[in-house]
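The values are calculated or read from the model by the stated rules, or taken from the named source; none is laboratory data. Being a predicted model, the structure only gives us computed values, none of them experimental. Here the Cβ is made from the backbone with ideal geometry for all residues, glycine too, and neighbour counts use every protein chain on show. Areas reflect the complete protein model, heavy atoms only, side chains present, ligands, DNA and RNA absent. Shrake-Rupley method; radii C 1.70, N 1.55, O 1.52, S 1.80 Å.
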Amino acid sequence: MPYLIPSRTPLTPQQVERGFDYLLALQTGGGAAVAGRAEADPELAFVVLRLAEDIIWPVTAVDGEADPCANSFALDEVGGVLLSALRDWARDSPTTAAPGIARSLIRFTVNVLPDPGRPDTADTLETMRDERLILAHAVHSAPGKHQ
């Protein structure tokens, strides 16, 4: 269901850093480590939501090159429902959405994206941060870059 993810301007490197800093602080230090950040940074819910979209959608969407089956369509629907709920939460209550979306993304990382070579979730999050930073720098430094 690609129609669920509208085309959008890619996150800036600074937004990627802020979002993953928040995720990592929550993962390693718990709620006390991020207390007050969502209130101080109104854009944080949007940033964490965008990271969730960029991480969850590719994993759950039906692969156009693979042979589709009932399970692949079910996973596609689950991903769409999850992202739709997270979007509604971010729209309706950005202050509570930032930690909730971040916790959902951490649980998704732990339960769906475990990296056997990196059993620590913080390591996996750091790897994802580095990959997304490379993409963000490439997009925002290219000719005709998005601002």
**Request:** Would you work out the relative contact order for the chain, in percent, from Cα pairs under 8 angstrom that are 6 or more residues apart?
**Result:** 35
**Fill in**
Carbon/sulfur accessible area of the range 39-147, % of total, 1.4 Å probe, equals 58
**Complete:** Whole-Hz Karplus couplings 3J(HN,Hα) for the range 30-46, θ = phi - 60° and coefficients 6.51, -1.76, 1.60, Gly and Pro as x, run x, x, 5, 6, 10, 3, x, 5, 5, 5, 7, 10, x, 7, 4, 4, 4
**Asked** Based on DSSP H runs of at least 4 residues, each adding -39500 (n - 2.57), what is the mean residue ellipticity at 222 nm of the chain after dividing by all its residues, to the nearest 500 deg cm²/dmol?
**Response** -23000 deg cm²/dmol
**Request:** Be a star and scan the range 34-69 for residues whose amide nitrogen sits under 20 Å from the point 7 Å along the Cα-to-Cβ vector of D21.
**Result:** 34-52
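Which net charge results for the neighbourhood of L133, defined as the other residues with beta-carbon distances under 13 angstrom from its beta-carbon, given Lys and Arg at +1 and Asp and Glu at -1?
Working: positive: R18, R129, R132; negative: E17, D21, D54, E126, D130, E131.
Taking every other residue near L133 into account, the sum is -3.
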**Asked** Given the options A98, A40, A90, which has the most mean-square fluctuation in a GNM of the chain, springs set between C-alpha atoms less than 10 angstrom apart?
**Response** A40
**Asked** How high is the FRET efficiency from V110 to A33, r the C-beta distance, R0 22 Å, rounded to 0.05?
**Response** 0.80
**Request:** Provide the per-residue ³J(HN,Hα) series for the range 82-87, in order, calculated from phi with Karplus coefficients 6.51, -1.76, 1.60 and θ = phi - 60°, each as a whole number of Hz, with x at glycine and proline positions.
**Result:** 4, 5, 4, 5, 5, 5
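For the chain, which span is the longest to avoid every loop-located (per DSSP) member of GluC sites (Glu not before Pro) having at most 16 other Cβ atoms inside 10 Å?
Details: sites that count: E43, E65.
The segment 66-147 is the longest one with no such site.
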**Request:** Just need the Rg to Rh number for the chain, please, alpha carbons only, Kirkwood Rh.
**Result:** 0.96
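How much accessible area per residue does the range 1-130 have, counting only protein heavy atoms and a probe of 1.4 Å, in square angstrom? Intermediate values should be presented prior to the final figure.
On the way: 6780 Å² over 130 residues.
Ligands and nucleic acids excluded, the figure is 52 Å² per residue.
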